[in-house]
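Structure first, commentary second.
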Amino acid sequence: MTKNGQGASTIQKALDALLLFKQKPKWTFGELQAELGYNKSTLSRILAVLVSNHFLSKTKPSRYELGLNLFLLGRSVEPEQRLRRAALPEMEALSRKVGLTVHLGILEAAQVVIIAKAEPQTRMQMISRVGAVVPAHCTGQGKTLLAHSSPELVQNIIDTHGLTRFTPNTICTANHLRQELDRIRERGYAVDHSEHERHLICAGIPIQNREAGILAALSITGTVVDFPDEQSLEPVLVQLKETRAKIMAAMGHPEPGGAQAAES
């Protein structure tokens with residue numbers, strides 16, 4: 001990397017700073033300045049813009065690492081893009097059939113990133129959007145993804161981000177969350193009982209590859225009127241699992257366990 005503190009455009013300087021992260025994942029302010037040769041005020045402005053736009057993350061005083069938007073840009077290509085292409089037509093068909101909103105999400109940087117959404121035109125639209133992030137510990141998609149992640153990853157998320165309370169129903173202790181994840185693995189689906197947003201109920205199931213590795217979470221969301229109790233979720237869960245089977249077939253991946261998995 002050549003030092004080009006003089007004469008380079010602001011955009012080029014920002015790109016030079018980002019490209020340094022190919023060498024190692026974390027840099028201090030002093031290390032970046034020594035490598036790039038920029039003066040302190042110039043580098044401070046560049047880093048502030050990159051952080052505010054989530055291309056870099058400031059994890060400790062004067063320490064930087066790659067931010068969420070770079071992960072999202074990278075995630076816009078295969079395999080998630082292929083999954084999205086396969087999933088969206090089936091999600092739209094399910095949404096029209098049941099009259100509810102369907103989401104597809106992946107776990108990234110300890111949060112759930114929504115990569116696809118389908119919702120009916122016959123009812124109030126949800127504020128969720130593709131590219132938005134939601135917490136993992138209190139959403140149907142998030143709990144699904146955590147239940148099929150390693151215990152080390154779950155613990156790291158708890159240690160790094162905590163278990164923020166959003167509603168009176170939010171799970172806020174590590175032991176309670178682990179118990180919930182055990183239940184999700186046993187029954188094959190997760191339910192968000194108004195844990196992230198009041199009056200909303202969300203059921204999520206995993207989408208897995210041939211080796212049963214987690215790819216994403218498929219979920220369906222309604223109100224407490226749509227789902228007054230967990231028993232009322234059962235018909236929708238059957239259709240959610242049928243949709244998952246169609247998505248996996250479109251990707252050329254039969255569900256782990258075959259037809260039995262789709263019926264469980």
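The values are calculated or read from the model by the stated rules, or taken from the named source; none is laboratory data. Remember, it's a predicted structure, so these values are computed and weren't measured experimentally. Here the Cβ positions follow ideal geometry from the backbone for every residue, glycine too, while neighbour counts run over all protein chains shown. Only protein heavy atoms, including side chains, enter the accessible area calculation; ligands, DNA and RNA are left aside. Shrake-Rupley method; radii C 1.70, N 1.55, O 1.52, S 1.80 Å.
Taking the stated definitions as given, is Leu200 more than 19 Å from Thr101 (Cβ to Cβ), buried (at least 20 other Cβ atoms within 10 Å of the Cβ) and among the aliphatic types (A, V, I, L, M)?
no
Being in contact (Cβ under 8 Å) with a residue 24 or more places away in the chain and part of a loop (DSSP other than H, G, I, E, B) narrows it down to one of Thr122, Thr160, Thr167, Thr144, so name that one.
Within the list Thr122, Thr160, Thr167, Thr144, the selection yields Thr167.
Among the residues of segment 186-199, write down those that are without any contact (Cβ under 8 Å) to a residue 40 or more places away in the chain and in a strand (DSSP E or B).
The answer is His193, and nothing else.
Please name all residue pairs, on different chains or six or more residues apart, with Cβ atoms under 8 Å, provided the first residue is in segment 226-243 and is free of Cβ contacts under 8 Å to residues at least 60 places away in the same chain and the second residue is β-branched (Val, Ile, Thr).
Phe227/Ile201; Phe227/Val236; Glu230/Val191; Leu233/Val191; Leu233/Ile201; Leu237/Ile205; Lys241/Ile205
Gln260 is checked against (1) modelled with pLDDT under 95; (2) under 30 Å from Asn156 (Cα atoms) and fails just one. What number does that condition carry?
Every listed condition holds for Gln260 apart from (2).
With the condition kept exactly as written, say whether any residue in segment 128-141 is of a type in the set (Lys, Arg), modelled with pLDDT of 90 or more and either part of a loop (DSSP other than H, G, I, E, B) or open to solvent by less than 30 Å² (accessible area, probe 1.4 Å) (or both).
no
Residues are listed down the side, and each one gets a yes or a no for (1) within 23 Å of Val236 (Cβ to Cβ); (2) over 20 Å from the mean Cα position of the chain (by Cα); (3) of a type in the set (Val, Ile, Thr):
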position	(1), (2), (3)
Thr164	no, no, yes
Cys172	no, no, no
Leu177	no, no, no
Glu180	yes, no, no
Arg185	yes, no, no
Ser194	yes, no, no
Glu197	yes, no, no
Ile205	yes, no, yes
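Test Glu195 against the criterion of being of a type in the set (D, E, K, R) and touching a Phe, Trp or Tyr at 6+ places or on another chain (Cβ under 8 Å), and give yes or no.
Considered against the rule, which asks whether it is of a type in the set (D, E, K, R) and touching a Phe, Trp or Tyr at 6+ places or on another chain (Cβ under 8 Å), Glu195 comes out as yes.
Go through segment 70-97 and count every residue that is at pLDDT 85 or above and either open to solvent by less than 10 Å² (accessible area, probe 1.4 Å) or out of contact with any strand residue (DSSP E or B) (no Cβ under 7 Å at 6 or more places or on another chain) (or both).
Residues that pass the stated criteria total 12.
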